[in-house]
Structures are given as C-alpha cells and as structure tokens.
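The values are calculated or read from the model by the stated rules, or taken from the named source; none is laboratory data. The structure presented is a predicted model; accordingly, all values stated were derived computationally and were not measured. Every residue, glycine among them, receives a Cβ derived from its backbone with ideal geometry; neighbour counts consider all protein chains shown. Calculation scope for accessible area: heavy atoms of the full protein, side chains included, ligands and nucleic acids excluded. Shrake-Rupley method; radii C 1.70, N 1.55, O 1.52, S 1.80 Å.
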Amino acid sequence: MQFESFAAFINMGGYGFYVWLSFGVTFVAMGIIAIQSFIKHRHLLKQVVVEQERKARIKKARKQQQAST
Amino acid sequence: MWKWLHPYAKTERAYQLCLTLQPWFWAGALLCLSIGTVWGLAFAPQDYQQGDSFRIIYIHVPSAILSMGTYVAMAIAALVGMVWQWRTAYMSMIAMAPIGAVMTFIALFTGAAWGKPMWGAWWVWDARLTSELILLFLYMGVIALYGAFEDKQQAGKAAGVMALVGVVNIPIIHYSVEWWNTLHQGATISKFDNPSIAPEMLWPLLINLLGFALFIGAVTTVRLRNEIVLREMHRPWVQTLAKEQLANTQQRRAANQNMTEGN
Amino acid sequence: MSLYHGIFKRDMQIAFKQKAELVQPLMFLLMVVTLFPLGVSPSPDTLQRIGPGVIWIAAILSSLMAMERLFRDDFQDGSLEQYILSGMALPAVSAVKVAAHWLVSFVPLLLLSPLLAVFLNLTVDMYIALVLTLLLGTPLLSLIGAIAVGLTVGLQKGGVLLALLLIPVFIPLLIFATSAVDSAALQLPYHAQLAIIAAMLLLATALAPFAIAYSLKVSQN
C-alpha cells in the first residue's frame, strides 16, 4: 500500500479531484455502453415476438375473412 | 488455412460463438479491470515528477491505445467483409463502432483531466489530443453514415468504405508525436526492450490494458448479437430464440417474486 | 479511349451550361474569406498570420458545396447506372469524372487566389507557396471527396453528412498546407510539406478511383 491512511488515498497527494473524476467518468461511460447494449437486446427480442404475434393475427383475420365470404 | 473460419460467416453460428465467448470476456474483463485499477490506484509507487496524478495513466493509456486498436479492427472487419462477402463481418464492424467511440471519449476526457494539473489547462491543442479528437469524428462519421441508410446491408458496405478511408488517419495519429513536436510526452510503453517506466508501475498498466480489451470484446459480442437479431428478425431461428429467452427471464422473475413473497 | 473522352467532354459541357452551380461555391469562398477580417481583426499583421489557414479552410468548405454536384445528376437521371452496366472500367470512368470536376471547380479557385492573397496581405513568397499547395492539394480534395460523394449520393439528405465524413479526413492536408505557407513566410524551405502532400496525392490517385467505383456500386445497389 502506497498510502498511509484512507484519507491520503482519497486525497491522492492533492490530485484527488482529477484522479477520481477520471476514474469515475471512465467507469460510468463503460457501464452506460454495456447496459445500453443489454437493454437494446431485450428490446429487440420483444420486438421480434410482437412482430410475430402481429403477423399471426393478420393471418388469422385473413382466414376468418375468407371463411365468411 | 482460413477455412475453419468460414462457418462463422453464417449468422447463426456467429450468434452461438458470441454466446459462448461472452461469459469469458465479461469475467476476464471484470477480473483484470479490478486488479489493475486497485493495483494502479493503491499499490503502484508514486511518480517522482508528477506525484499521484500520474495514476490516471492506468485508464488513459489503455483507452487511447484501444481506441485506435478498435478502429483498426473495424477496418479489418470491413476489408474481410469486402473480400469474402461476409455479412457478419460488416455487422461486427458496426457493433464495434460505438464502443470504440466511447474509448476515444474516455481517452480524451482522462487526457483533459490529466492535463489540467500538469499543463494548467483542460484542453491543449497538442498533436495527440487533436488526433484523438479527429478519431472521435471519424467514429461519428462511420456511425452517422451507417444510420443514414434504410437498407442495412448497403449501410454496412458504405460504412465499411468510410472506415477504410479513415484508417489512413491512424498512422498519422501514431506518428503525429514525431511529426509535430509538441508538449505531449513521448510514448511510454511501446518501447518494451527499454521501458521508460518502472516494472512495478508497468504491470498494472498491462493488466488494465488487457481488461479494457476484454471489455471491448464483451460489449462487442452483445452488440453483434443485437445486430444479428435486428437483421434476421424474420428468420425462424431468431423467432424461436426470442420466445425462449423472454420466457426464461419471465420464469426467473416469477421465481424471484415467489421467494420475496415467501419471506 | 474515345468513350472516356466522350464522358469528359460531356461533363465539361454540362458544367459550363450550369454556370450558377460553378460560380456559387466561388462566391461562397470569397464571402467566407471576407468574414475573417471583419470578425477577427483587419490589421495587416494578423491577416498575414491567419491568411493561409483562412484560405485553405474556405477552400475546403466551398469544395464541400461543389462536391455534391459530382455524381448527383448522373445518379438521378440514371446515367450512372448506364456507366456501371456498360462494361467500361468504372474506376477509369470515375477518374475521368473527377478530373473534369477538378478542372471546372478548382481551377477557377486558383485563378481567384491572387485576389484572396491581396485581401489577406500575403507576401509574394507566401503566395507562391500557397499556389503550390493548392495545386497539389485540391486534386486530393477532389479524389477523396468523390469517395464520400459516391457513398452519399443515394441519400435524400446527404449534404451535411458529406461534410461530417470529409472534414476529419481533410485535416492532415490542412495542417501540412498551412505549415508550408507559414514556412514560406519565415523564408524557410517547405519542400518537406509539399513532398508529404504530393505523397498523399499519389497514394490517392492510385487507390481512390477503385474506392470511388466501389462506393458508386454500393450506392447503386
């Protein structure tokens, strides 16, 4: 351990603001891109299912129409 | 020699490959990033000139190197797509673009936060910072061009051409330090035989570099799967897969709710 | 050979029939240059210092406006499809078209450059360097620009996107060109910068026609 106390670790020899700002922004940015990718994945899967159900409904409606005429 | 690669040109096989690789990438990335960051922040010795502010190097240098590396990887993917007519190559190219842009942003931001205490200004028009900014513009151009086309097949090809044109800029970025002699210090770890950095400082840097690389790989696998699902929406295998996965997550959610209610 | 000559002649004739499209980018260039003394400072020293950069930036911006014309009409009236189907070498066709475009849009710029030099108080040495960089650099603008024009020609709103794609690619050229003129201002040799621009031009001449042909095929789908 390079630092004598936890306070010294946070202070980073006076450069604490810059160091923690950099690390914070970096990991937040990485987290955002990762989470966004996963959310998009779920969204796409849902879209696939919805589209499929819609097609099935259209098919059913057509069949009913044909049967009635 | 490259025959074993060809099955992965099929989207289904590529999707499966991503699924298998993904957990390893995530686990490796998490492990390397936590070890490298903690080591770099708490245990690496202080720099005698820059004090503790030099610890930004542990994210600045990996993101800067990999922002260029990702662009080169994109260009290679585009070239593969052109030569062998692989659709998956274009898809992986566009899957990498946003994460490469994020890496470039991180390199720029940490560079600015490092420059403020060292040079006294958030932004200096120094060669490397400037070329990193140009790299960000190039990424944005590729993403914007891809987004402008309705037909995603055509979009992939067009964005591929632009990625290849932009890759000409990469050597300019790399040699800019020699070309325009400026404030920025010289490269730190490219000289492996005679490194200008102490080994106990270098190790965490290399571990973090690997961690960033694995993280890029992990996000790319997720985004490549997204891209495949988006383009193959009407194929039966995607439809069964979507149903299965959604059903799985719903089951898991229901199980979780039962547990909390039981408690 | 006569086929390509025919394309060249046709392009030149069309360009001179649409005089407004030829003159407008030049007027734009002149006006952008006029803005700088008004906006920054009219003092001769300042103008001399920023002059080379201003002229080059204005040249790049106006070239972006002129660039769109390169394949747009051919795409819209279907002659581009005819070129692709005709069996002529598409890279050669695109090289000929780029050459014609350069002649009609950048040679007038070169003719206008003495006026710009007077406006921005450039010395004779600087002016010579400026003309040399323009001679080597503007064909490069045309060649690289044509790749992006080929890609965006099929899009409804390609104009702003074209600028977004091209400006970052043109930055190295801007840096070397202005640095050459700056060296000339200090009576220093500027062969190195010219050599680098010439190298980029040679590379672009060798590769760009193929890239243009490919991107036109992509646009034509």
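Structural remarks
- Cα-centre dipole for chain C with unit charges at Cβ (Lys and Arg positive, Asp and Glu negative), debye to 20: 280
- Each residue of region C:18-29 was assigned a 3J(HN,Hα) from its phi angle through the Karplus curve 6.51 cos²θ - 1.76 cosθ + 1.60 (θ = phi - 60°); the sequence is 9, 5, 4, 5, 6, 7, 4, x, 5, 5, 4, 4 Hz, with glycine and proline shown as x.
- The angle between the Cα long axis of helix A:16-68 and the longest principal axis of the Cα atoms of chain A comes to about 0 degrees, rounded to the nearest 10.
- Vicinal HN-Hα couplings computed from phi for region C:54-65 (Karplus, 6.51 cos²θ - 1.76 cosθ + 1.60; Hz; Gly/Pro x): 4, 4, 5, 4, 4, 5, 5, 5, 5, 5, 4, 5
- Pairs over the 22 Å Cα-Cα cut-off, from the set B:Lys3/C:Lys217; B:Lys152/C:Lys157; C:Lys19/C:Lys217; A:Lys60/B:Lys152; B:Lys157/C:Lys217: B:Lys3/C:Lys217; C:Lys19/C:Lys217; A:Lys60/B:Lys152.
- With contacts taken as Cα pairs under 8 Å at a separation of at least 6 residues, chain C carries a relative contact order of 27 percent.
- Neighbourhood net charge (15 Å Cβ-Cβ; Lys/Arg +1, Asp/Glu -1) for C:Leu165: +1
- With all protein chains in place and ligands, DNA and RNA left out, the 1.4 Å accessible area ranks C:Ile167, C:Ile144 as C:Ile167, C:Ile144, largest first.
- A Gaussian network model of chain C, with springs between Cα atoms under 10 Å, assigns the largest mean-square fluctuation among C:Leu103, C:Leu164, C:Leu122 to C:Leu164.
- At R0 = 56 Å, FRET efficiency that the Cβ-Cβ distance of A:Glu4 and C:Tyr4 yields, to 0.05: 0.10
- Ellipsoid semi-axes for the protein assembly as shown, based on the Cα gyration tensor and the rule √(5λ), read 44, 38, 19 Å when sorted largest first.
- Residues in region B:233-261 occluded by at least 50 Å² - accessible area, probe radius 1.4 Å, against chain by itself: B:Met233, B:Gln239, B:Leu246
- List of region C:200-221 residues, accessible area with partners at least 20 Å² below that of the chain alone (1.4 Å probe): C:Tyr214, C:Val218, C:Asn221
- For C:161-172, mean number of other protein chain Cβ atoms within 10 Å: 6
- Charged side chains reduced to their Cβ positions (Lys and Arg at +1, Asp and Glu at -1) give chain A a dipole of some 1200 debye around its Cα centre.
- Cα gyration tensor category, rounded, prolate or oblate, for chain B with a/c compared to 1.5: oblate
- Taking all protein chains into account, the per residue accessible area for chain B stands at 47 Å² (1.4 Å probe).
- Counting all C-alpha pairs of region C:94-137, share separated by more than 16 Å (%): 42
- Chain C: C-alpha gyration tensor shape, a/c 1.5 cut-off, then a/b vs b/c: prolate
- Area buried, chain B against chain A - accessible surface, total, 1.4 angstrom probe, square angstrom: 3900
- Overall form of chain A per C-alpha gyration tensor (a/c, 1.5; a/b vs b/c): prolate
- Residue by residue along B:213-222, Cβ atoms of other protein chains within 10 Å of the local Cβ number 2 on average.
- Taking chain B as a Gaussian network of alpha-carbon nodes connected by springs under 10 Å, the highest mean-square fluctuation of the residues B:Glu150, B:Glu12, B:Glu244 belongs to B:Glu244.
- In chain B, Cα pairs under 8 Å separated by at least six residues give a relative contact order of 31 percent.
- Radius 15 Å from Cβ of B:Arg55, net charge of other residues (Lys, Arg +1; Asp, Glu -1): -2
- Across A:Phe27, A:Phe38, A:Phe17, mean-square fluctuation computed from a Gaussian network of chain A (C-alpha pairs under 10 Å connected) peaks at A:Phe17.
- In the full protein context, chain C carries 46 Å² of accessible surface per residue, based on a 1.4 Å probe and ignoring ligands, DNA and RNA.
- Over chain B: helical MRE at 222 nm, DSSP H runs n ≥ 4 each giving -39500 (n - 2.57), nearest 500: -26500 deg cm²/dmol
- The mean number of partner chain beta-carbon atoms within 10 angstrom of a residue's beta-carbon across peptide B:105-113 is 4.
- Phi to ³J(HN,Hα) by Karplus 6.51 cos²θ - 1.76 cosθ + 1.60 over region C:203-212, Hz, x for Gly, Pro: 4, 5, 4, 6, 9, 4, x, 5, 5, 4
- Residues whose amide H lies under 5 Å from that of B:Asp47, counting only those 5 or more places away or on a different chain, are B:Phe54; hydrogens are built 1.01 Å from N in the peptide plane.
- Of all accessible heavy-atom area on the protein assembly as shown, the percent that carbon and sulfur account for (1.4 Å): 66
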